1. Residues of segment 320-353 being surrounded by fewer than 10 Cβ atoms within 10 Å (Cβ to Cβ) and either modelled with pLDDT of 80 or more or more than 25 Å from PRO16 (Cβ to Cβ) (or both), which ones?
2. Condition (residue is part of a loop (DSSP other than H, G, I, E, B) and buried (at least 16 other Cβ atoms within 10 Å of the Cβ)) applied to segment 30-40: is it met by at least one residue?
3. Quick test of your reading of the structure: THR25 fulfils all but one of (1) assigned to a helix (DSSP H, G or I); (2) farther than 25 Å from SER100 by Cβ. Name the failing condition by number.
4. So which of PRO108, PRO117, PRO112, PRO79 is in a loop (DSSP other than H, G, I, E, B) and within 29 Å of ARG296 (Cβ to Cβ)?
5. Looking only at segment 110-138, count every residue that is at pLDDT 95 or above and of a type in the set (Val, Ile, Thr) and tell me the total.
6. Taking only pairs six or more apart or across chains, which ones have beta-carbon atoms under 6 Å, a first residue in segment 142-165 that is within 17 Å of ILE218 (Cα to Cα), and a second residue that is assigned to a loop (DSSP other than H, G, I, E, B)?
7. Would you say GLY17 is closer than 20 Å to ALA246 by Cα, modelled with pLDDT under 95 and of a type in the set (Gly, Ala, Ser)?
Amino acid sequence: MNLFKPDCHYTTVLFPGTENYPTLTVAVNALIQELQELSNNGMIINNILWNFELFFSSDWKFLAICLGFNAANSNYFCPWCEITKNQRGNGQVDWVISKSMSILNENPIAYPGHKLPPLFNMISLKNHVPDKLHIMLRITDRLWELVLQEIKNEGLFNDISRNIIIKEMEKLKIRFEFWKIRGTENWDYTSLMGDDKLRVLQNFNLAKLFDPERAALIKSLWNGFAELYDLLGEIKTDPQYFRLKAKVWYELFLKKTVIDPETNNILEQTLSIIRCNPIYLCLVSHVWEFMLIHKRWGLNAFSCSAVEKKNHNHVCYFFKKTLKNGENFQNKTSAICEILEHENRLLFYTQNNVSLSYPKPQNIHIL
């Protein structure tokens with residue numbers, strides 16, 4: 001019941017600086033030691049020994065860093081199998097989870113693309129679960145980018161089309177703007193939030209920008225992903241059914257249509273792996289496996305939405321309620337310490353059932 005409440009997620013590590021392997025190795029060192037002890041020995045609570053099974057879920061970049069793995073644009077880009085870039089469009093091969101954490105523990109470079117020892121090597125690779133939220137964010141971003149790119153390729157990215165898009169967004173109650181990047185002829189636009197992305201996917205009228213046939217084709221692609229996203233969140237979804245639906249959608253996504261400009265007839269339809277990035281392969285090849293492996297809870301249980309909200313709360317707290325690493329030199333206070341102290345106070349009040357608010361006192365005048 002508390003899974004999606006950010007206040008029910010607790011901060012163990014908070015640090016300034018760049019998110020990279022050397023920094024994380026230092027920052028999470030104490031956490032790694034405690035997790036290793038929990039994994040090996042469990043914990044005794046009220047004279048009962050509790051054993052723990054550990055899981056990991058995050059965005060793609062953090063996952064790759066913690067695994068000591070390649071970046072997403074490398075030739076070997078998948079944390080779970082050994083697929084390469086030039087094999088992305090090969091629908092004849094079924095890529096499944098083929099790597100093992102035990103092998104990586106023996107040899108951190110046993111698989112191509114793995115360069116450094118995994119930080120959380122006590123967690124099975126099958127328990128490194130892709131995050132449903134970031135799958136949705138990355139794919140909806142790409143689907144929207146492809147629509148704008150197609151308008152640009154047709155030479156129709158002008159004030160008329162931009163105004164059409166803005167008005168459609170207004171109908172959906174989404175604040176959206178275009179602006180020209182200073183010193184260039186390029187345009188930038190408002191980044192959509194998670195819920196807004198889904199609303200655009202479901203309700204944006206593509207017929208205002210494309211001819212009916214093309215609009216229907218793009219809409220079927222959007223609807224297909226929206227259906228997959230809904231299936232992804234249902235604990236009762238059959239993993240094999242999801243696998244088949246994902247494959248059909250992926251083939252539609254990869255299709256590149258070449259049209260004769262004079263007759264508007266379709267000349268050819270080919271698969272274009274250029275449009276693909278690692279998150280699509282994860283969705284098609286591995287998500288169904290994780291649904292099968294973790295069917296007891298469903299992939300919703302591993303969503304990072306509450307953690308992302310927690311991060312947003314930290315940012316807001318930094319700007320609104322901390323000294324932002326300021327004050328005079330003698331009493332300089334770290335903003336990170338202020339944030340963690342605030343969280344610790346809230347945790348204390350919660351655990352000890354201390355009320356966080358009190359009724360306003362009443363003034364009684366005695367004459």
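The values are calculated or read from the model by the stated rules, or taken from the named source; none is laboratory data. Computed from a prediction, not measured in an experiment: that's the story for all the values here. A quick note on method: Cβ atoms are made from the backbone with ideal geometry, for glycine too, and the neighbour counts reach across all protein chains shown.
1. Listed by number, the residues that qualify are LYS320, GLN351, ASN352, ASN353.
2. Within segment 30-40 (the criterion being part of a loop (DSSP other than H, G, I, E, B) and buried (at least 16 other Cβ atoms within 10 Å of the Cβ)), the answer is no, since none of the residues qualifies.
3. (2)
4. PRO79
5. Of the residues in that region, 2 qualify.
6. Correct list of pairs: ILE151/PHE157.
7. Numbers: closer than 20 Å to ALA246 by Cα: no; modelled with pLDDT under 95: yes; of a type in the set (Gly, Ala, Ser): yes.
Against the criterion (closer than 20 Å to ALA246 by Cα, modelled with pLDDT under 95 and of a type in the set (Gly, Ala, Ser)), GLY17 does not qualify.
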